[in-house]
Amino acid sequence: MTKNFNLNDVAAIHGNETEQNLFGYLCWYSVSEGLYNREQIRDSLHKSGLADSFMPKRIRPADAFRRATKLIEKNSQMEDEKTGIVDQYLIRHVTSSNTITQRNIVRERRDSQGRSLHYNSSAGILVFNKDNEDFLIEQTENDHVRDLAEFAKSQYEIFLNHHNGGAIRNMTLNILKQMAPLPVRPSGGIYFVPVKYEEMLKKVVEFLKYLETSGGNGGEGFMVPLINTEDNKDMLRSKIDAHLQTTLERCQALMSNNKEIPKNIIKEQIDDAKRIIGDFKDYRSLVTGAVDSMEDKIEAIRQQVQTLLIDKLK
């Protein structure tokens, strides 16, 4: 059984330790919620010395249109205090073609007992022109609906050039995956990175420090150096074995699942398994003992990957 990870149990380097005893880092990071401008992200990469290739993919204008119009449904309920009549505004997809996507603002009117009095399926007509990527307001039934539509249009311009916190967390994890990261907690969030990736890990910490959202918050990263002790090696062996076992079980679960699984999910698991197999070469020299059983797991994972490629992605 793998014992629970406790940061207080590991031996970190102190000021009087020699760097020769260093064999890796524990690292973790956090990214605030908010909107991150693409150019600011690029600037943070440059300042930290990381490549542009780590930039998140360009935001699809159609996705920005969908996100912006969906915001209309938030806090879009109006109530007449005298009559108790409530107008609720919703967004509904109408049509999509090679040239346009249309979404309508729908107004649903109800009385104080919740009974429907009126329903206008085209209180506002919003169109995304795919050719020139324009957000068009083609129809609104009144000033309030016009304000909702104009708000969505302004948010479209923001969403075109800004990523949310989730996209930055995924981006950071993708950079971290270049450094053979080893999860040291079952719930994730803390990783061991071999000392050979020290410089790149420092760049990630710097990148997070430079990040800012429109509200001023951003990210932060930490790296705690570990010295080469038997306890730390025991911890590393345990976590490597657990990581390989988890990877093997995930591959086996995909194979035994008779339901239709999206191919992108299968491909993602295959790519992760291949990366983990490749990462093992960075750990073979760091641990002694139990290597044979780890090699057996590596071979089992390799076989599962081949079977997934043949049976699930054919």
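I'd like the residue in segment 263-291 that is assigned to a loop (DSSP other than H, G, I, E, B) and either at pLDDT 85 or above or under 21 Å from Lys177 (Cβ atoms) (or both) and, out of all such residues, is most open to solvent (accessible area, probe 1.4 Å). Write out each step before concluding.
Narrowing segment 263-291 to residues assigned to a loop (DSSP other than H, G, I, E, B): 280, 285-290.
Filter once more, so that each one left must be either at pLDDT 85 or above or under 21 Å from Lys177 (Cβ atoms) (or both): 280, 285-287.
Working: Phe280: 7, Ser285: 98, Leu286: 35, Val287: 5 Å².
The residue in question is Ser285.
Considering only residues in segment 292-309 that are closer than 22 Å to Phe192 by Cα and open to solvent by 30 Å² or more (accessible area, probe 1.4 Å), the one that is modelled with the lowest pLDDT turns out to be Asp292.
Of note, Lys233 does not satisfy the criterion of being over 29 Å from Ser53 (Cα atoms), open to solvent by 30 Å² or more (accessible area, probe 1.4 Å) and not in a helix (DSSP H, G or I). Just the residues that are part of a strand (DSSP E or B) and touching a residue at least 60 places away in the same chain (Cβ under 8 Å), please, taken from segment 46-79. Residue satisfying the conditions is Met78 alone. Among the conditions (1) in contact with an Asp or Glu (Cβ under 9 Å, 6 or more places away or on another chain); (2) hydroxyl-bearing (Ser, Thr, Tyr); (3) open to solvent by 60 Å² or more (accessible area, probe 1.4 Å), the only one that Ser96 does not satisfy is (1). Taken over segment 36-62, residues that are open to solvent by less than 50 Å² (accessible area, probe 1.4 Å), under 17 Å from the mean Cα position of the chain (by Cα) and closer than 26 Å to Ala152 by Cβ amount to 5.
The values are calculated or read from the model by the stated rules, or taken from the named source; none is laboratory data. All values reported here derive from a predicted model rather than from experimental measurement. Ideal geometry is used to build each Cβ from the backbone, glycine not excepted, and the neighbour counts take in all protein chains shown. All accessible areas refer to the heavy atoms of the entire protein, side chains included, with ligands and DNA or RNA removed. Shrake-Rupley method; radii C 1.70, N 1.55, O 1.52, S 1.80 Å.
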